[in-house]
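Chemist: Questions regarding the structure given below will be posed in turn.
Read the figures in this text as sums done on the coordinates, not as results from a lab. Everything numeric here is computed off the predicted structure, so don't read it as measured data. Note that we place each Cβ from the backbone using ideal geometry, even for glycine, and neighbour counts take in every protein chain shown.
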Amino acid sequence: MNTPLLDNDDGSDDSLLAAQYVLGTLSPAERLEFQTQLQQQPALRTLTHAWERRLNPLADRNIDRIQAYDQQQACCESHTDPSPAVIIGRGWAML
């Protein structure tokens with residue numbers, strides 16, 4: 001048996017599938033099968049919602065970091081001369 005990661009998790013394969021569904025790591029066929037099971041099994045929906053509550057805050061934090069990184073990159077790229085440069089002595093020389 002798997003180690004439970006959620007309070008209402010029994011460590012079952014259903015919990016693992018729910019986590020994979022939320023993470024988006026299931027194949028298209030597995031995803032469709034899981035969505036069918038979600039419609040038929042309230043306990044599976046409960047597990048899936050628990051995984052969403054657990055994992056979504058991580059995505060929110062990463063989105064903020066990605067946006068900040070993208071802004072930083074855009075700023076750097078707008079101030080970068082695309083021509084190659086080499087170091088000569090103590091200074092830079094453009095080729």
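Chemist: Using packing as a proxy for protection, rank 28-34, 49-55 so that the peptide with the highest average count of other Cβ atoms within 10 Å comes first.
Modeler: 49-55, 28-34
Chemist: Let me ask something additional. Measuring from label point to label point, each 7 Å out along Cα→Cβ, what is the R31 to R45 span in nm?
Modeler: 2.1 nm
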